[in-house]
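Colleague: There's a structure below that I have some questions on.
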Amino acid sequence: FQPKVLAGRRVLITAGPTFEAIDPVRGITNHSSGKMGFAVARAAAEAGAEVTLVAGPVHLPTPLGVRRIDVCSAQQMHDAVLPQAPTHDVFVATAAVADWRPSQFNEQKIKKDGKKVAPTFELAENPDILAAVARLPAQTRPWCVGFAAESHDLVRHAREKLQRKGVPLIVGNLGPATFGRDDNTLLLVDAAGERELPHGDKLSLARDLVREIASRITRFPT
Ligand code: C5P
């Protein structure tokens, strides 16, 4: 039994990778199983929240009671999230969004030309979904939580991300390298300092994170 610390709240979550198509058979993507985001969705629903989960391509069942919207590319994720954001109290961005997409989609499969010349691709920058939500006017802006997956200098990068994205809380992955694993250690970084959520499975961590979020938003009216 989980205490209903998010009763009456609406929580919007992004999860999984995005996939940026090059042609009908290929694309650019990021490593992400979606497990952390799906665990946060489950934990938020258990805590009494109404949950909307915007998921990139993953192989995971929808947690009980969660409304799920499936997307593929970063642009689609952005276009699904932005209109939903103003009707939610909390936004948790766990998705591993591809930073770039191919500037052009080739309608037909790109073929080897037989001359051993590899194709080159021009890339365009994808929208930053978390930063876009954090820039919404104060009355319509949910309380935003970002994630940071860094290979080094986690605290410095997480602090820099707090500033750059304009969000009140960044959750850093302290590892071990988490892709596809069921366990992790998380570090919460906010204006007040840093706090480690001890190593555990992703569902326990998600429940801890939900409690931390709930305690931080109690100042906000339902
Ligand atoms: O900028 P960076 O990718 O390091 O930041 C990670 C955080 O920002 C994560 O919470 C991720 O879900 C979010 N993000 C996003 N849209 C992007 C890139 C990252 O929402 N295009």
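The values are calculated or read from the model by the stated rules, or taken from the named source; none is laboratory data. Everything numeric in this text was worked out from a predicted model, so none of it was measured. In this analysis, Cβ positions are derived from the backbone assuming ideal geometry, glycine residues included, and neighbour counts consider all displayed protein chains. Accessible surface is based on the protein model in full, side chains and every heavy atom, while ligands, DNA and RNA are left aside. Shrake-Rupley method; radii C 1.70, N 1.55, O 1.52, S 1.80 Å.
Colleague: Which aspartates and glutamates, if any, have their Cα less than 15 Å from the Cα of Lys111, not counting same-chain residues under 8 positions apart?
Modeller: Straight-line reach from Lys111, under 15 Å: Asp23.
Colleague: Taking 22 Å as R0, compute the FRET efficiency from the Cβ-Cβ separation of Thr140 and Thr218 and round it to 0.05.
Modeller: With R0 = 22 Å, the Cβ-Cβ based efficiency is 0.65.
Colleague: Scan around Arg181 for amide H atoms under 5 Å from its own, H built in the peptide plane at 1.01 Å from N, and keep only partners 5 or more places away or cross-chain.
Modeller: Residues meeting the criterion, in which the H sits 1.01 Å from N, do not exist here.
Colleague: What is the percent carbon and sulfur in the accessible area of the chain, measuring with a 1.4 Å probe over the protein chains and ignoring ligands?
Modeller: The nonpolar share, carbon plus sulfur, comes to 53 percent.
Colleague: Taking springs between alpha-carbon atoms closer than 10 angstrom, which of Ala15, Ala93, Ala131 fluctuates most in the Gaussian network model of the chain?
Modeller: Looking only at Ala15, Ala93, Ala131, the biggest GNM fluctuation is shown by Ala131.
Colleague: Based on DSSP H runs of at least 4 residues, each adding -39500 (n - 2.57), what is the mean residue ellipticity at 222 nm of the chain after dividing by all its residues, to the nearest 500 deg cm²/dmol?
Modeller: When only DSSP H runs of four or more count, the value is -8000 deg cm²/dmol.
Colleague: Loop by DSSP (not H, G, I, E, B), at most 15 other beta-carbon atoms within 10 Å: where is the longest site-free stretch of the chain for chymotrypsin sites (Phe, Trp or Tyr not before Pro)?
Modeller: Between exposed loop sites, the widest span is 2-104.
Colleague: Tell me which lysines have Cα within less than 27 Å of Lys161's Cα, excluding those fewer than 8 residues away on the same chain?
Modeller: The reachable lysines, counting only those whose Cα sits under 27 Å from Lys161, are Lys35, Lys202.
Colleague: Would you work out the charge dipole size for region 1-113 about its Cα centre, treating the Cβ of every Lys and Arg as +1 and the Cβ of every Asp and Glu as -1, and quote it to the nearest 20 debye?
Modeller: Roughly 260 debye, rounded to the nearest 20.
Colleague: At Asp70 and Leu123, where each label point lies 7 Å from the Cα along Cα→Cβ, what is the point-to-point distance in nanometres?
Modeller: 2.7 nm
Colleague: How many percent of Cα pairs in region 48-123 exceed 22 Å?
Modeller: So the pairs more than 22 Å apart make up 43 percent of the total in region 48-123.
Colleague: Between Ala192 and Arg26, what length comes free when the chain is fully extended (0.36 nm per residue of separation minus the Cα-Cα distance, one decimal in nm)?
Modeller: 55.4 nm
Colleague: In a Debye calculation with equal point scatterers on the alpha-carbon sites of region 1-87 and no solvent, what is log10 I(q)/I(0) at q = 0.11 Å⁻¹?
Modeller: -0.32
Colleague: For the chain, what does the relative contact order come out to in percent, with C-alpha contacts under 8 Å and a separation of six or more?
Modeller: Answer for the chain is 20 percent.
Colleague: Next up: Rounded if a/c is under 1.5, else prolate if a/b beats b/c, else oblate: with a ≥ b ≥ c from the C-alpha gyration tensor eigenvalues square-rooted, which is region 124-222?
Modeller: Oblate, since a/c reaches 1.5 and b/c is not below a/b.
Colleague: Mind checking the dipole of region 56-110: about its Cα centre, +1 per Lys or Arg Cβ, -1 per Asp or Glu Cβ, Debye to the nearest 20?
Modeller: 140 debye
Colleague: If you take the C-alpha gyration tensor of region 34-189, multiply each eigenvalue by 5 and take the square root, what semi-axes do you get, largest first, in whole Å?
Modeller: Over the Cα atoms of region 34-189, the semi-axes work out to 29, 19, 18 Å.
Colleague: With every protein chain left in place, what is the accessible area per residue of region 85-158 in square angstrom, probe 1.4 Å?
Modeller: Normalised by residue count, the accessible surface of region 85-158 is 64 Å².
Colleague: Mind telling me which of Ser73, Ser32, Ser151 comes out most flexible in a GNM of the chain, alpha-carbon contacts under 10 Å?
Modeller: Ser151
Colleague: Give the residue list of trypsin sites (Lys or Arg not before Pro) in region 1-43 that are DSSP loop and have at most 16 other beta-carbon atoms within 10 angstrom.
Modeller: Answer in residue order: Lys4.
Colleague: Further question: Quick one: Cα centre-to-centre distance for region 20-42 and region 76-129, in angstrom?
Modeller: Comparing the Cα centres of region 20-42 and region 76-129, I get a distance of 11 Å.
Colleague: Pick out which of Lys112, Lys202, Lys161 has the largest mean-square fluctuation in a Gaussian network model of the chain, springs linking Cα atoms closer than 10 Å.
Modeller: Among Lys112, Lys202, Lys161, the largest mean-square fluctuation in the Gaussian network model of the chain belongs to Lys112.
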